[in-house]
Amino acid sequence: MTPSEKYVAELCEQSFLPFWSFPNPIGKKGKELCDVLVVCGNIIIIISVKDIRVSENNNELVQYDRWVKKAIHDSIDQIHGAERYLSTVDEVLLKNKKTNVKLPDKKNRIIHRIAIAFGSPATFPLPTGEFDKGYVHVFDEISTSTILTELDAIVDFTNYLTAKREFVGNKTILIPNEIDFLAYYIQTGLEDDITSNAVIYGENLWNDYINSNEYSKWQDDVRGSYIWDNMIHHIHSYHITDSTSNEKREEIEEAIRTINLEPRINRIELGFILNNAIKRKVKARILKPINDAEHAYVFMPLTDKNWKEKQGELELRCTVARYENPTAKKIIGISIGSNSDGDSCFDICSLYIPEIDEDFIREVMEIKKN
């Protein structure tokens with residue numbers, strides 16, 4: 001793995017979290033499939049990274065053409081090759097050659113293609129768009145770092161990719177840099193009433209945005225949301241090793257996938273509630289569905305009294321929460337405690353009951369009696 005590939009892989013793991021971000025997975029004939037593969041729910045992101053020095057040729061057009069071929073078109077070829085291979089399989093082998101990750105059903109896959117090209121001067125424009133076999137987003141060093149840091153929830157990131165692809169469509173976009181387009185997206189949602197086929201903005205959209213009160217407030221608001229990211233990192237580091245079975249890994253991943261599919265704005269509210277539950281040591285707390293979602297959360301503190309029976313108690317609380325939230329087909333239960341060093345620790349369970357019947361209601365009534 002080159003330094004550039006390692007850098008991008010670490011960014012992806014930080015943003016998309018380790019259950020769903022996989023560097024250097026194995027493809028056809030045991031060869032590397034791509035530099036990073038992200039799989040979460042129906043979402044697949046194929047990433048190829050190239051770090052290419054500019055030719056020493058005196059002609060800048062020659063320099064540019066050669067760099068684009070090696071840094072971008074070679075990445076696009078790798079991406080298309082990876083996509084062809086993925087279309088023939090239902091799971092992919094990870095770099096450790098022990099773990100298989102299941103892929104979403106072929107007919108439901110939403111695929112995003114990203115070519116990351118390092119090594120060019122700022123004066124080199126980055127071609128992006130349709131490349132014969134599908135839309136490919138092309139990022140340089142600055143846009144890679146900025147976008148993966150600012151849109152560090154998989155739904156927020158892929159919403160941006162989709163919105164950009166649909167917005168660009170048949171328009172001519174004259175915005176100097178990808179990060180300026182990101183600022184335009186964040187501030188407008190790409191919902192400006194544009195009647196022409198050209199979008200023209202000057203430089204410094206991004207710099208103006210990050211120096212605004214709006215951005216400063218967002219940074220303050222978002223801080224508490226990262227307790228969720230930290231929790232997922234904790235669960236992964238505690239439960240997942242090279243010896244963990246595929247079945248165990250899939251069971252844990254499925255339980256917390258819903259959390260990873262929450263946009264950052266939802267994680268702000270969830271983070272506030274989770275932090276409150278930890279600080280106030282509440283007996284238990286149910287968070288009802290947000291924005292008509294079909295899932296709800298149960299938070300349960302761990303104490304000396306319930307430590308041994310924590311999993312059973314959490315499952316019972318999730319069962320009651322399902323009854324009390326008729327629209328929430330899925331309940332995610334989270335137990336919160338501290339280890340002997342005073343560090344926060346978490347456990348999780350997931351309950352999926354699409355329909356409530358009379359037997360289930362009787363079960364809940366028995367639980368409530370006790």
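The values are calculated or read from the model by the stated rules, or taken from the named source; none is laboratory data. As the structure is a computational prediction, the values presented were derived from the model and not from experiment. When we count neighbours, we look across all protein chains shown, and the Cβ atoms used for this are built from the backbone with ideal geometry, even at glycine.
Out of the residues in the range 75-89 meeting the condition of being under 30 Å from residue 243 (Cβ atoms) and within 23 Å of the chain's Cα centre (by Cα), tell me which one is surrounded by the fewest Cβ atoms within 10 Å (Cβ to Cβ).
89
With respect to the numbered conditions (1) free of Cβ contacts under 8 Å to residues at least 60 places away in the same chain; (2) closer than 24 Å to residue 146 by Cβ, which one is the sole condition not fulfilled by residue 46?
(1) is the only condition that residue 46 fails.
Using the structure shown, decide if residue 162 is at pLDDT 90 or above, outside any loop (DSSP other than H, G, I, E, B) and surrounded by fewer than 15 Cβ atoms within 10 Å (Cβ to Cβ).
Numbers: at pLDDT 90 or above: yes; outside any loop (DSSP other than H, G, I, E, B): yes; surrounded by fewer than 15 Cβ atoms within 10 Å (Cβ to Cβ): yes.
For residue 162, the condition - at pLDDT 90 or above, outside any loop (DSSP other than H, G, I, E, B) and surrounded by fewer than 15 Cβ atoms within 10 Å (Cβ to Cβ) - is met.
Has the range 257-273 got at least one residue that is under 24 Å from residue 92 (Cβ atoms), outside the structural domain of residue 18 (by TED's automatic domain parsing), among the charged types (D, E, K, R) and surrounded by 15 or more Cβ atoms within 10 Å (Cβ to Cβ)?
Checking the range 257-273: at least one residue is under 24 Å from residue 92 (Cβ atoms), outside the structural domain of residue 18 (by TED's automatic domain parsing), among the charged types (D, E, K, R) and surrounded by 15 or more Cβ atoms within 10 Å (Cβ to Cβ).
Could you look through the range 326-370, keep only residues that are outside any loop (DSSP other than H, G, I, E, B) and at pLDDT below 85, and pick out the one that is nearest to residue 276 (Cα to Cα)?
That would be 336.
Any residue at all in the range 261-282 that is among the acidic types (Asp, Glu) and under 19 Å from residue 152 (Cα atoms)?
yes
Just one of the numbered conditions (1) closer than 26 Å to residue 14 by Cα; (2) at pLDDT 95 or above; (3) not in a loop (DSSP other than H, G, I, E, B) is not true of residue 107; which one?
Tallying (1) closer than 26 Å to residue 14 by Cα; (2) at pLDDT 95 or above; (3) not in a loop (DSSP other than H, G, I, E, B), residue 107 fails exactly one: (1).
Would you confirm whether or not the range 90-99 contains a residue that is touching a Leu at 6+ places or on another chain (Cβ under 9 Å), farther than 25 Å from residue 149 by Cβ and surrounded by fewer than 16 Cβ atoms within 10 Å (Cβ to Cβ)?
So far as the range 90-99 goes, yes, one or more of its residues are touching a Leu at 6+ places or on another chain (Cβ under 9 Å), farther than 25 Å from residue 149 by Cβ and surrounded by fewer than 16 Cβ atoms within 10 Å (Cβ to Cβ).
Collect the residues in the range 287-313 that are at pLDDT 90 or above and of a type in the set (A, V, I, L, M), keeping them in residue-number order.
293, 296, 298
Working carefully through the options 103, 126, find the one that is within 25 Å of residue 233 (Cβ to Cβ), touching a strand residue (DSSP E or B) at 6+ places or on another chain (Cβ under 9 Å), assigned by TED's automatic domain parsing to the domain that holds residue 9 and buried (at least 17 other Cβ atoms within 10 Å of the Cβ). It would help to see each step written out before you state the result.
Working: 126 fails: within 25 Å of residue 233 (Cβ to Cβ).
Checking each option against the conditions leaves just 103.
Within the range 146-159, take every residue that is within 21 Å of residue 76 (Cβ to Cβ) and in contact (Cβ under 8 Å) with a residue 40 or more places away in the chain and give me the one that is surrounded by the most Cβ atoms within 10 Å (Cβ to Cβ). Reasoning before the result, please.
At the first step, the residues of the range 146-159 found to be within 21 Å of residue 76 (Cβ to Cβ) are 147-148, 157-158.
Checking which are in contact (Cβ under 8 Å) with a residue 40 or more places away in the chain leaves us with 148, 157-158.
On the way: 148: 20, 157: 24, 158: 19.
It comes out as 157.
Looking only at residues that are over 30 Å from residue 91 (Cβ atoms) and aromatic (Phe, Trp, Tyr) in the range 110-141, which one is modelled with the lowest pLDDT?
Going through the qualifying residues, I end up with 124.
Can you name the residue in the range 134-144 that is more than 15 Å from residue 122 (Cα to Cα) and not in a loop (DSSP other than H, G, I, E, B) and is also nearest to the chain's Cα centre (by Cα) among such residues?
Within the range 134-144, the subset more than 15 Å from residue 122 (Cα to Cα) is 134-137.
Add one more test, that the residue is not in a loop (DSSP other than H, G, I, E, B), and what stays is 135-137.
Working: 135: 20, 136: 18, 137: 17 Å.
Selected residue: 137.
Would you pick out the residues in the range 211-243 that are over 19 Å from residue 40 (Cα atoms), outside any helix (DSSP H, G or I) and among the β-branched types (Val, Ile, Thr)?
The answer is 241, and nothing else.
Take the residues of the range 4-63 that are in a loop (DSSP other than H, G, I, E, B) and acidic (Asp, Glu): which is surrounded by the most Cβ atoms within 10 Å (Cβ to Cβ)?
Here the answer is 35.
For the range 309-323: of the residues being touching a strand residue (DSSP E or B) at 6+ places or on another chain (Cβ under 8 Å) and among the aliphatic types (A, V, I, L, M), which is nearest to residue 352 (Cα to Cα)? Break it down into steps so the answer makes sense when it comes.
Going residue by residue through the range 309-323, those that are touching a strand residue (DSSP E or B) at 6+ places or on another chain (Cβ under 8 Å) are 310-311, 313-315, 317-319, 321-322.
Checking which are among the aliphatic types (A, V, I, L, M) leaves us with 314, 321.
On the way: 314: 14, 321: 11 Å.
Once the filter is applied, the top-ranked residue is 321.
If a residue must be of a type in the set (Gly, Ala, Ser) and over 23 Å from residue 336 (Cβ atoms), how many such residues does the range 211-250 contain?
4
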